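For reference, the structure is listed below as structure tokens.
Laboratory data are not the source of any read-out in this text; all were calculated from the coordinates shown. In this text, all values refer to a predicted model and were calculated from it rather than measured experimentally. Positions of Cβ are generated from backbone atoms using ideal geometry, with glycine treated the same way; all protein chains shown enter the neighbour counts.
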Amino acid sequence: MPDELLQRLRRFHDDYFPGVQERFQSLVHDGQHPSILFIGCSDSRLVPYLLTGTGPGEVFMVRNVGAFVPPHDGSVGYHGTAAAIEFAVLKLAVNRIVVCGHSHCGGIRALYEEATPQAPNLAAWLDLGREAALPVRMTPEALRRTEQRSVVLQLERLMAYPMVRERVEAGRLKLHGWHYVIEDGEVHVFDLRSGGFVPASSADHSGTGPFDHTPVDDGSRIFNEIDVALAPAPRVS
Ligand SMILES: [Zn+2]
């Protein structure tokens, strides 16, 4: 039986690499200088390079179940995503951070389902999205809203990283909240002014701040504000 994966590796080296060899060699020689940190869900249908038209050396990427951001609460541990944020901001000096969730996200759906006892790490990890879940029955609309609310929640958590907050406030770093709708091939960008997500086809920016226009020291929380915008309509009985 042919080893298909091995064949793909050989194809990459023999057919594809010669065309980009020079690019990779200069990236080795000059080092990497990506300007974007992309925090995305691990979902196989989310392909950041396709969405953003970027290539080697342009995006520093970290992916996890749900595109969650661990809190910067003083606890130090094996937090791969937190380490990547620190590295990208402090060492690589990226000037944009994208948090990208997506439609039909299994991580977000799991917030509405029973935990799997054999997956204690997954259950603990999902805690990072629980605040975004709505107290309603799981419907496609509730899932869509939860996916979007989670993106904003993670942006807010990002702002609690001192090195992030400092640079955002100094105008050296911009945060982007994205929700990728797989079936439409379209990213919806978070717009602070409307408190909602706008399809890229009709948006006039790739994501406001979202903290660019909002005082951050007055105790207000963006996430609470969008709660109002995205709260389920009251039931009429
Ligand atoms: Zn996902």
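Note on Ala170 and Lys91: with the Förster distance fixed at 22 Å, the Cβ-Cβ geometry gives a FRET efficiency of about 0.80.
Stokes-Einstein diffusion for region 88-134 at 37 °C, viscosity 0.692 mPa s, with a Kirkwood radius from C-alpha pairs, works out to 255 µm²/s.
Computed from label points 7 Å out along Cα-Cβ, the spacing between Glu131 and Gln25 is 5.0 nm. Once both labels are positioned 7 Å from their Cα atoms along Cα-to-Cβ, the gap between Ser42 and His104 label points is 1.9 nm. Taking θ as phi - 60° and the Karplus parameters 6.51, -1.76 and 1.60, the scalar couplings of region 187-197 work out to 8, 9, 9, 6, 10, 4, 4, 8, x, x, 9 Hz in sequence order, x denoting glycine and proline.
Percent antiparallel among DSSP beta bridges with both residues in the chain, to the nearest 5? Of the beta bridges lying entirely in the chain, close to 30 percent run antiparallel.
Largest GNM mean-square fluctuation across Pro117, Pro56, Pro48, computed for the chain with C-alpha springs under 10 Å, falls on Pro117.
Judged by the ratio a/c of the largest to the smallest principal axis of the C-alpha gyration tensor, the chain counts as prolate, that ratio being 1.5 or greater while a/b is larger than b/c. Summary of packing: across the peptides 62-72, 120-130, the per-residue average of other C-beta atoms within 10 Å ranks them, highest first, as 62-72, 120-130.
With the simple spin-label model, which puts each label point 7 Å out from Cα in the Cβ direction, the Tyr112 to Ser194 separation comes to 2.4 nm.
Give the relative contact order (percent, whole number) for the chain; include only Cα pairs under 8 Å separated by 6+ residues.
On the way: 327 pairs, mean separation 40.4, N = 237.
Across the chain, relative contact order equals 17 percent.
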